[in-house]
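Worksheet: one structure, shown below.
The values are calculated or read from the model by the stated rules, or taken from the named source; none is laboratory data. These numbers come from a predicted model, not from an experiment. Glycine also receives a Cβ, built like all others from the backbone with ideal geometry; neighbour counts cover every protein chain displayed.
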Amino acid sequence: MLPKWFDKWNKENPTNVYGPAMLVGVAGAAVFAAAVLISYGQPFATESLQTGPRGNGMSVTEFKTDLATPDPDIANLIEDEPYIPEGGEALAGDIYQNVQVLGDLTDDNFNRLMAAMTNWVAPDQGCAYCHGDGDTETYGDDTLYTKVVARRMIEMTQNINENWDGHVNANKQVGVTCNTCHRGQNVPSDIWFKVTPVNETVAGWPAVQNRVTPLSQYTSLPSDALEAYLVNYETIAVHDLESRVDNQPGDPLIQQAERTYSLMNYFANSLGRNCVLCHNTRAFYDGSQVTPQWGTASMGISMVQELNNDYLLPLGPELPENRLGPLHGDAPKVACKTCHKGYQQPLQGSNVIQYWPELATTGAPVYE
């Protein structure tokens, strides 16, 4: 069909048709894949969570795949409707011996709450974890430290729900119970102890940094930030942003700035969010342009300071050696991650208090 000279030329000058064919095939496959993604949705699509007025650069990018991952502990929440008192029922304080808290509950609600606390804190050991192996006649004894600690922890939980509503229920009713921290464990995860000095070969400021520790979020930043700010009430601040400033006594220095950054790293990892949840990227250090979450976080700092100093540290003498810090023998302490576990709201904002009004107030519970 074709001239002989053309066939001869093609034979003497072969052309590689496979390379262009593969290129066209790859391009076609890419177009097909893009068409499928557009048609059926983008698995890695993002959403923006606005945390302040529009135009202020306070948009937090969240991945849908992350938002769709539930906290696995939500599945273990206990939904148990309380018994509405009719009036005239015998109260726990009158029935049982040595009921120093929760004594104004009816017998039914008292035992209902005790059963829930067992599941929250000691599901394997059961009632014996706090009351020992004796019969119910000995349940009033304070023989075990666990019972003494549990009583104080009930008071702490009631205090949180009653006096720290602005932090715990900032957006809606959520509340806290023993399960908010314990999650079925005798000792909650993400408690902390003092670890400084972390660099024993030096003294002074270098002794608290330049060693990677969990408390510094695996950075070389200072490892005493939680101790300084969540126990010792030190001021959270950074150094002056101008150069060659004449610092006055009490002004934050570069050391305090590094310690502050260590704390901020801890906050970010505890809540699973970055800096712009609370701060305005356009005016990062301007306290008048922060987001509403900044106020919630600030109240949370004050709450944790109170919990550590008024409830947890005083329990140190009651605790056995194996419950104390391995380096300094200090009592276990809490911080943001003890409750949040990497989520902006503990248990992703589940209303955990709705079935447990007994833990919502230090007074007589209100049943609805």
Pairs with Cβ under 9 Å, 6+ apart, first in the stretch 270-293 and farther than 20 Å from Leu226 by Cβ, second charged (D, E, K, R) and assigned to a helix (DSSP H, G or I): Gln289/Arg282
Find the helices (runs of 4 or more DSSP H) located wholly in the stretch 72-182 whose residues include 3 or more that are more than 27 Å from the chain's Cα centre (by Cα) and closer than 24 Å to Thr361 by Cβ, and list them. 92-95, 107-121
What about Thr65, is it out of contact with any strand residue (DSSP E or B) (no Cβ under 8 Å at 6 or more places or on another chain), at pLDDT below 55, hydroxyl-bearing (Ser, Thr, Tyr) and at negative phi? yes
Close pairs from the stretch 295-310: first part of a helix (DSSP H, G or I), partner buried (at least 16 other Cβ atoms within 10 Å of the Cβ) and modelled with pLDDT under 95, Cβ under 6 Å, at least 6 apart: Thr296/Ala170; Ala297/Cys278
Yes/no for Ala331 being part of a helix (DSSP H, G or I) and more than 19 Å from Gln158 (Cβ to Cβ): no
Would you pick out the residues in the stretch 274-293 that are closer than 17 Å to Tyr343 by Cα, surrounded by 17 or more Cβ atoms within 10 Å (Cβ to Cβ) and of a type in the set (A, V, I, L, M, F, W, C)? Val276, Leu277, Cys278
Where Ala364 falls short, out of the listed (1) surrounded by fewer than 14 Cβ atoms within 10 Å (Cβ to Cβ); (2) among the small types (Gly, Ala, Ser); (3) not in a loop (DSSP other than H, G, I, E, B): (3)
